[in-house]
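Contents: one structure, followed by commentary.
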Amino acid sequence: MIVSPSILNADYLNLERDIKQLERAGADAIHIDIMDGRFVQNITWGPPTVSAIRKVTNLPLEVHLMIDKPEYNIKHYLEAGADIIIIHQESTIFLRKNLQAIKQAKVQAGVALKLETPVETIVHCLDLIDVVLLITCDEGFGGQVFHPQALYKISQIVKLREMRHLNFSIEVDGGIGIETGKQCKEAGAGRLVAGSFVFNHRKKNEAIQALKSL
């Protein structure tokens with residue numbers, strides 16, 4: 001299981017310290033939630049923060065754009081050093097064009113779906129996708145509760161991947177802990193985004209290793 005801790009739950013005044021701790025604890029990537037206060041209610045960071053994080057870690061940076069009309073900002077996150085850029089299906093009418101722009105920059109491209117969004121809405125883009133990120137909680141804030149109905153969506157994505165002979169990853173984000181992580185793995189997910197579980201644990205390395213060994 002690939003584990004990408006979300007720094008939404010980190011100490012914002014000590015991001016470098018927390019990121020170094022995640023690195024030592026065995027994290028596979030750093031998940032950075034970018035929120036604009038429009039697409040979701042919360043507001044977090046922008047390209048300068050991603051650029052600063054790029055300077056302090058060699059871990060892959062997984063930039064999750066929870067923003068309206070990402071086509072106006074994708075280039076800035078490419079320049080900031082993102083290794084994976086994930087955009088929301090619901091945020092743009094130019095989903096395929098945006099994914100093509102990310103791929104042309106030799107960066108991995110992902111699509112995220114809110115809990116209510118059917119998987120059928122991204123069928124036309126599956127050939128361009130490296131990661132499908134399924135939001136498994138009410139988006140926008142850390143510490144949310146996992147919604148079990150997301151497990152069915154994971155199984156739907158798995159079937160589509162098999163039918164089309166594709167090899168993109170399936171990632172889940174929201175309310176992830178040992179039990180929910182296990183359920184997601186059994187449904188077919190191969191990547192976990194975990195924020196509260198990792199940062200609230202007394203030892204981050206134990207939390208991360210527990211998720212990786214599911």
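The values are calculated or read from the model by the stated rules, or taken from the named source; none is laboratory data. No experiment lies behind these values; they were computed from the predicted model shown. Every residue, glycine as well, gets a Cβ built from its backbone with ideal geometry; the counts of neighbours run over all protein chains shown.
Some notes on this structure:
- Looking across region 12-38 at every residue that is modelled with pLDDT of 95 or more and in a loop (DSSP other than H, G, I, E, B), the one that is nearest to His88 (Cα to Cα) is identified as Ala29.
- Filter result (more than 18 Å from the chain's Cα centre (by Cα) and among the aliphatic types (A, V, I, L, M)) within region 16-54: Ala25, Ala52
- Remark: pairs (first residue in region 158-176, in contact (Cβ under 8 Å) with a residue 12 or more places away in the chain; second residue part of a strand (DSSP E or B) and basic (Lys, Arg); Cβ separation under 8 Å; 6+ apart in sequence or on different chains) = Ser169/Arg191; Ile170/Arg191; Glu171/Arg191; Val172/Arg191.
- Where a residue in region 36-50 is under 15 Å from Gln144 (Cβ atoms) and its partner, wherever it lies, is assigned to a loop (DSSP other than H, G, I, E, B), with Cβ under 6 Å and at least six apart: Val40/Glu139; Val40/Gly140; Gln41/Gly140; Asn42/Gly140; Asn42/Phe141
- Complete set of residues in region 195-214 that are outside any helix (DSSP H, G or I) and either at pLDDT 95 or above or surrounded by fewer than 15 Cβ atoms within 10 Å (Cβ to Cβ) (or both): Asn200, Arg202, Lys203, Ser213
- In region 69-95, residue surrounded by the fewest Cβ atoms within 10 Å (Cβ to Cβ) [restricted to those that are farther than 15 Å from Val50 by Cβ and among the hydroxyl-bearing types (Ser, Thr, Tyr)]: Tyr72
- Leu133 being touching a Gly at 6+ places or on another chain (Cβ under 7 Å), closer than 24 Å to Lys185 by Cβ and not in a loop (DSSP other than H, G, I, E, B): yes
- Qualifying positions in region 174-194 - among the β-branched types (Val, Ile, Thr) and crowded, with 19+ Cβ neighbours inside 10 Å: Ile176, Thr180, Val193
- Candidate set: region 132-178, residues that are within 14 Å of Val193 (Cα to Cα) and charged (D, E, K, R); chosen: the one modelled with the highest pLDDT: Glu171
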